[in-house]
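The values are calculated or read from the model by the stated rules, or taken from the named source; none is laboratory data. As the structure is a computational prediction, the values presented were derived from the model and not from experiment. Here the Cβ positions follow ideal geometry from the backbone for every residue, glycine too, while neighbour counts run over all protein chains shown. Note: areas computed on protein heavy atoms with side chains; ligands, DNA, RNA excluded. Shrake-Rupley method; radii C 1.70, N 1.55, O 1.52, S 1.80 Å.
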Amino acid sequence: MMMMQDVWTQLGPTIATIMFAWTMYQNYFPHELRGHIRRYTDKLVTYFYTYMHIIFHEYETDGCLLLSIERYLSKNSSTQAKRLKANVVKDGQSLVLTMDDHEEVTDEYKGEKVWWISSQQIANRQTISWYPREDEKRYFKLKFHRKNRELITASYLKYVLDEGKAISVRERQRKLYTNNKGDGGYGYRRRMWRQVVFEHPSTFDTLAMEPNKKQEIMDDLQTFSKSKAYYAKIGKAWKRGYLLYGPPGTGKSSMIAAMANFLQYDVYDLELTAVKDNTELRKLLIDTTSKSIIVIEDIDCSLDLTGQREKKKDDKEEEVKDEKDAVKEKMKNREEKKQSEVTLSGLLNFIDGLWSAIGGERLIVFTTNFVEKLDPALIRRGRMDKHIVLSYCCFDSFKVLANNYLDVESHDHFPEIRRLLGETNITPADVAENLMPKSSKENANTCLERLIKALETAKEEAKLKAEEEEREKAEKEKEEKNKEAAAEEANNTDTVNENGKSESNIVKENPEGNVAKENGKSENNGVKENDDISKG
């Protein structure tokens with residue numbers, strides 16, 4: 001007790017002396033001299049101080065940078081910091097805990113220890129405000145031993161930023177975007193896209209598809225997402241095109257949702273008919289973010305720009321007719337306001353032109369039910385790099401659906417269903433509808449029996465349709481033969497008539513009787529002349 005009293009007794013005069021010296025320094029030392037003293041003092045302290053500091057201010061650095069650091073430190077903050085801040089992410093669905101101001105956490109990288117301090121620069125104002133001042137800046141301070149300078153600046157900081165960005169992507173609420181109609185009604189600052197929360201539950205686990213084909217697509221997507229350096233090396237924009245085609249109900253939209261969930265990407269559903277022109281199409285592309293999928297569904301039905309390029313016609317009359325039709329169509333378009341002026345050239349530039357390289361890490365997906373209608377330039381490799389056929393349901397696809405809808409991996413009806421699927425074309429959507437229980441009384445056996453009946457009905461309908469098509473084909477061939485026979489008969493009749501006409505003309509022009517008569521007359525004349533000669 002006596003020792004503590006002695007310490008406090010000696011500490012009091014010491015503090016008073018320091019305060020007196022500081023007051024004299026503030027009042028009597030010129031500002032220029034104080035600057036020199038401060039500079040040399042800092043050098044002296046730095047010479048003996050073995051640690052270095054890096055400051056990351058809130059407004060002097062990219063906001064994403066500070067957010068990445070905060071996300072990275074969140075894993076250590078929840079276990080080390082005494083005071084935490086809760087940030088809401090994913091539209092209130094989850095919380096992220098980070099350290100509060102003036103807290104410190106430690107981290108270790110390759111066996112070396114570093115310290116992170118969260119602090120705030122207080123504004124030098126004498127006013128009281130209930131709102132945060134603009135000049136109050138939050139910042140993170142990184143402290144490390146100066147022997148590790150090369151390790152921290154060359155490797156550790158990049159590691160922190162990459163990890164923080166990856167955590168932010170995983171924690172963010174992904175969005176589904178659709179474009180606003182380009183009618184100019186939203187003003188100069190109108191938003192190009194409207195958004196909702198993307199909550200589609202489709203995944204590759206629930207997707208009805210052959211396992212090998214499914215794994216091939218997943219490997220392709222994963223390779224793409226990790227190939228930023230490779231795309232830069234080969235000189236290509238970091239994007240990839242997918243063409244999904246097949247009959248209706250084969251799971252094209254579900255495939256897109258599964259791709260988005262697999263890569264944790266946003267989805268931009270582009271409605272071409274709502275785009276005013278090619279300029280607005282480029283603006284929409286600029287307004288998209290990386291780590292996204294740009295989708296144009298049923299592209300063959302979106303606009304009249306996917307058909308084959310018009311061929312030149314040699315016939316003069318057809319050219320005149322087409323010119324008249326074009327004039328009429330132009331006049332009609334002047335009377336009716338056009339909904340969109342997007343051209344095939346504009347769409348091609350949107351996919352892989354100069355503007356397509358902005359942002360990077362994008363997938364561009366087209367879907368269609370009739371791939372043969374699309375212009376070859378639109379779906380060539382380099383634009384649509386991977387073509388995926390989504391066809392009718394096979395037995396492997398059925399097993400996935402049976403497990404999803406009925407929690408059944410094997411059943412006595414499976415062999416019969418396998419046989420019928422091999423003989424019948426039915427879409428996964430139709431199979432799923434038959435497998436879905438319609439009441440609480442229905443079980444797996446009931447649903448599978450309903451599917452068997454649907455397959456048998458589809459098989460019978462396909463058989464009747466094939467017979468009808470064969471009958472129509474035979475009737476059409478018979479009709480064609482009859483037309484050919486009638487044409488041939490008519491041709492023969494015309495030939496006979498022409499031949500008969502020619503013969504009558506010959507008789508009329510050179511009749512044999514006249515010829516004989518002329519000959520007879522000539523002979524008689526000859527005889528008569530001979531008789532006269534004899535008489536003479």
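Miscellaneous remarks
- Violating pairs (Cα-Cα greater than 27 angstrom) within the set K43/K141; K175/K373; K110/K239; K239/K276: K175/K373; K110/K239
- Solvent-accessible surface (1.4 angstrom probe) belonging to C393, in square angstrom, nearest 10: 10
- Sites L161 and K463 - FRET efficiency at Förster radius 60 Å, r taken between beta-carbons, to 0.05: 0.40
- Calculated FRET value between Y230 and L33, using beta carbons and R₀ = 60 Å, to 0.05: 0.50
- The magnitude of the dipole of region 195-276, with charges of +1 and -1 set on the Cβ of Lys/Arg and Asp/Glu and taken from the Cα centre, is near 500 debye.
- Counting Lys and Arg as +1 and Asp and Glu as -1 over every other residue whose Cβ lies under 10 Å from the Cβ of N148, the net charge comes to +3.
- By DSSP, the beta bridges lying fully in region 152-298 are antiparallel in about 40 percent of cases.
- Exposure check, 1.4 Å probe, all protein chains in place: I18 carries approximately 110 Å² of accessible surface.
- Contour minus Cα-Cα distance for T79 and T493 (0.36 nm per residue): 138.6 nm
- Virtual spin-label span in nm between E216 and N369, 7 Å along Cα→Cβ: 2.6
- Solvent accessible area, Å² - I234, 1.4 Å probe, full protein context: 80
- A simple charge model with +1 on the Cβ of Lys and Arg, -1 on the Cβ of Asp and Glu and nothing else charged puts the dipole of region 357-404 at about 80 debye relative to its Cα centre.
- Inter-label distance, E58 to K283: 3.4 nm, where each label sits 7 Å from its Cα along the C-beta direction.
- Residues F48 and E112, FRET efficiency given R0 of 35 Å [Cβ-Cβ distance, rounded to 0.05]: 0.95
- Stretch gain in nm, segment K181-N87, where the contour uses 0.36 nm per residue and the Cα spacing is subtracted: 30.4 nm
- Cα centroid separation - region 369-429 against region 448-488, whole Å: 25
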